[in-house]
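Below: the structure, in structure tokens.
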Amino acid sequence: MKISIFGTGYVGLVKAAIFADVGHLVVCVDKNAGLVARLQRADIPFFEPGLEALVRSGMDNGLLSFTTDTPRAVRDSDFLFICVSPPARGDGSVDLREVEQVALDIATHMQERKLVITASTVPVGTTERLRKLIRSELVIRGSDLSVDVACVPEFLEEGSAVADSQGPDNIIIGADSPAVLEELRRLYQAFRRNLDNIVTMDARSAEFTKFACSAMLATRISLMNEVSDIAEAVGADIEAVRHGVGSDPRIGYQHIYPSSDYGGSRFPRVVRALRDFGREEGQRVDILTAVQDCNQRHKSKLPERLIGLFGFDLSQKVIALWGLSFTPNTDDMRDAASRYVMEWVWSCNGTVRAYDPRAMKACRALYGKRDDLVLTLTKEHALEGADALVICTDWQAFHSPDFELIKSTMNTPLIIDGSNLYDPADMHRLGISYYGIGHGLSLIH
Ligand SMILES: NC(=O)c1ccc[n+]([C@@H]2O[C@H](COP(=O)([O-])OP(=O)(O)OC[C@H]3O[C@@H](n4cnc5c(N)ncnc54)[C@H](O)[C@@H]3O)[C@@H](O)[C@H]2O)c1
Ligand SMILES: O=c1ccn([C@@H]2O[C@H](COP(=O)(O)OP(=O)(O)O[C@H]3O[C@H](CO)[C@@H](O)[C@H](O)[C@H]3O)[C@@H](O)[C@H]2O)c(=O)[nH]1
């Protein structure tokens, strides 16, 4: 089938690559000409496991191409996915202008019936609004072409986006006609591991499901983070508690890992947006408000531990930091815990020595060259002369370090672990002062 994808960010590029991989003919359009030029050379602008190989093979097979030529992309496709990222306005509300611009571009250039699909996370009613927008533009053109607009919200996680998209647990399809639902079922045929993984509903409900799902996951994390504080105070071990809680099949293990806070570009925005939609409709949003406040409060959790140990003057201190990305297996640093830690250390005149398996370039692009930031080639180099090691991301590479080397390389063997990678009892035995999240009695001086 012939597909065009508008917006070649995390969602658009992954979608394009996996559709091309199963044999569909895919053309990607982005308004960023520099980005398109890079993609035409198979130069992928961000790290996502498995993506580069898939993009290269799609291009080699002649099934995947990149262009800024919108008329051609509209003409050459039957299924048109909108994957642009609507920016947030200053007040946090969603700015739909880019999404609407794509819809207008489609209306301007279409010469036959099209099926437009919104994969961007958009407020309830957007699919309907886009349908009206395209129809009115067609009327202005004096055209009686028909168009359908459906919503297939995206549920991938950065770091496992390719695998998530190739074998999705579910595919939510929101469309207001049985014929369109059937077309989309056929399009997704290759990804239906069993007949039950497609969930169909009307477009408004599909749009809303995306917000409800993300809010639910964010709430689980926040609840776990608050429970961790209590565990710490009463002397319980949150890791044992997590295993116990997760073993209840009604709860399960997903998204109950305690952390300093949830970050990334999505959960914080989605929780806030859903709260605002509720407020606008005159509904009470007590839980969403609490989740947002709780997450904001927890951002200072790792810096507070440093304050507790060193006070506010870090001018003679070096803080080693492992993990810059907001989650493992990505180089995305949007709203990452590491940023709060680094910016706090700098505000107290301290120096950061940081290492991340993938996000070093992203970090340099964000903060530039500065004397109080040393990006090291290995995680071991980051430890040199350090007074504390702060772990911000749960990368596999940090799970089994050489603890003797940690002890001999650091000024003082002290670990503040925002990902709960190690056992406090082991650390005690090794003579390393250790603070994890929600480990009662785990900070041993
Ligand atoms: N990243 C995720 O993990 C994730 C997961 C699920 C859903 N989503 C949602 O998917 C959407 C896209 O997210 P993303 O992370 O891929 O965004 P992104 O910022 O990585 O990429 C968006 C791309 O769209 C392009 N673009 C903007 N306006 C355009 C236009 N008018 N025409 C053509 N291209 C245009 C931009 O240049 C950019 O390359 C968002 O609504 C997001 O909320 C993202
Ligand atoms: O048990 C957990 C799981 C995650 N996190 C944190 O939560 C944030 C988000 O992590 P994750 O869910 O892994 O990444 P995202 O790429 O933001 O994906 C989320 O947001 C996407 C966009 O809404 C959805 O598509 C995904 O289903 C949803 O998991 C990160 O800071 C994680 O460290 C925790 O603290 N504890």
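The values are calculated or read from the model by the stated rules, or taken from the named source; none is laboratory data. Not measured: the values here are computed from a predicted model. Because the Cβ atoms are built from the backbone with ideal geometry, glycine has one as well, and the counts that use them run over all protein chains shown. Accessible surface is based on the protein model in full, side chains and every heavy atom, while ligands, DNA and RNA are left aside. Shrake-Rupley method; radii C 1.70, N 1.55, O 1.52, S 1.80 Å.
Structure summary
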read-out	value
Kyte-Doolittle mean at least -0.5 and Cα axial length at least 15 Å: DSSP H helices in the chain	10-21, 97-109, 126-140, 203-234, 337-347
Alpha carbon centroid spacing (whole Å) that separates region 246-261 from region 333-355	27
Rel. contact order, % - alpha carbon contacts under 8 angstrom, at least six apart, region 307-445	22
For the chain, share of DSSP beta bridges that run antiparallel, in % to the nearest 5	5
Charge sum, other residues only, whose C-beta stays under 15 Å from K407's C-beta, Lys/Arg counted +1 and Asp/Glu -1	-4
Unit charges at the beta carbon, dipole of the chain: most positive-side option, A107, F403, V26	A107
Apportionment of accessible area to carbon and sulfur, region 2-201, percent (1.4 Å)	49
Relative contact order (percent, whole number), the chain, Cα cutoff 8 Å, 6+ residue spacing	12
Average accessible surface area per residue within the chain, 1.4 Å rolling probe, Å²	44
Residue-wise HN-Hα coupling along region 398-412, computed from phi with Karplus coefficients 6.51, -1.76, 1.60 (Hz; x: Gly, Pro)	9, 6, 10, x, 7, 5, 5, 5, 4, 5, 7, 8, 7, 4, 9
Two-decimal log10 I(q)/I(0) for region 2-201, as the Debye equation yields it once each C-alpha is a single scatterer, q = 0.09, 0.13, 0.16 Å⁻¹	-0.31, -0.67, -1.05
Ordering of 1-9, 198-206 by burial proxy (mean other Cβ atoms within 10 Å per residue, highest first)	1-9, 198-206
q = 0.06, 0.13 Å⁻¹, the chain: log10 I(q)/I(0) [Debye, one scatterer per Cα]	-0.30, -1.19
Inter-centroid distance (Cα atoms) of region 181-245 relative to region 3-77, Å	28
Normalised contact order of region 117-160, rounded percent, pairs of Cα under 8 Å and 6 or more residues apart	57
